[in-house]
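Working notes for the structure below.
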Amino acid sequence: MLIGSTAGIFGEAGHSDYAAAKGAILSGLLLSAKNEAARIGPAVRVNAVAPGWTVTPMIGEKGLDADHVARVTATMALKKLGRPDDVAAQVVALASDRLSGHVTGQVVTVAGGMEGRLV
């Protein structure tokens, strides 16, 4: 299981290094690892989760003020920040042979329906 970020899908101003690294995980690394895993055996799967804005220590001790939350959720259908449990649930689902036994090489975006970033 690989963990990327919506920064790797949409980019992120001021954090091009982070966006580039996460983008590499969600494209070249994921697809290469999927193909390498297939050589090991037909039951070996490789997928990725790309969280969007999630309330974690990475946001900082003070968190985000209401204006910042409104800005980062502006392109989200669900208009709320994710929680670590939201991301963990998708990791568990993708890791499950029963739930995702025929899924490999895929990215699941956990970002409330985000469609991009405001610039």
Can you name the residue in the range 26-39 that is touching a Gly at 6+ places or on another chain (Cβ under 7 Å) and surrounded by fewer than 19 Cβ atoms within 10 Å (Cβ to Cβ) and is also nearest to residue 109 (Cα to Cα) among such residues? 31
For residue 19, are the conditions met, namely being at pLDDT 95 or above, surrounded by 13 or more Cβ atoms within 10 Å (Cβ to Cβ), among the small types (Gly, Ala, Ser) and over 23 Å from residue 116 (Cβ atoms)? no
Among the numbered criteria (1) in a loop (DSSP other than H, G, I, E, B); (2) within 17 Å of the chain's Cα centre (by Cα); (3) at pLDDT 95 or above; (4) of a type outside the set (Val, Ile, Thr), which one does residue 12 miss? (3)
Residue among 87, 72, 91 that alone is farther than 26 Å from residue 118 by Cα, among the β-branched types (Val, Ile, Thr) and surrounded by 13 or more Cβ atoms within 10 Å (Cβ to Cβ): 91
Take the residues in the range 46-61 that are crowded, with 20+ Cβ neighbours inside 10 Å and not hydrophobic (A, V, I, L, M, F, W, C); name whichever of them is farthest from residue 105 (Cα to Cα). 52
Please go through the range 94-119 and give me each residue that is among the hydroxyl-bearing types (Ser, Thr, Tyr) and crowded, with 17+ Cβ neighbours inside 10 Å, ordered by number. 100, 104, 109
By residue number, the members of the range 47-72 that are in contact with a Pro (Cβ under 9 Å, 6 or more places away or on another chain) and farther than 30 Å from residue 102 by Cα are 55, 56
Looking at (1) more than 14 Å from the chain's Cα centre (by Cα); (2) part of a helix (DSSP H, G or I); (3) of a type in the set (D, E, K, R); (4) within 23 Å of residue 118 (Cα to Cα), which one does residue 98 not meet, given that it meets all the others? (4)
So, in the range 15-57, how many residues would count as being under 25 Å from residue 78 (Cα atoms) and assigned to a loop (DSSP other than H, G, I, E, B)? 6
Tell me, please, whether a residue that is of a type in the set (A, V, I, L, M), at pLDDT 95 or above and farther than 23 Å from residue 13 by Cα can be found in the range 61-75. no
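The values are calculated or read from the model by the stated rules, or taken from the named source; none is laboratory data. Computed from a predicted model, the values in this text were never measured in an experiment. Heads up, the Cβs are rebuilt from the backbone with ideal geometry, glycines too, and the neighbour counts pull from every protein chain shown.
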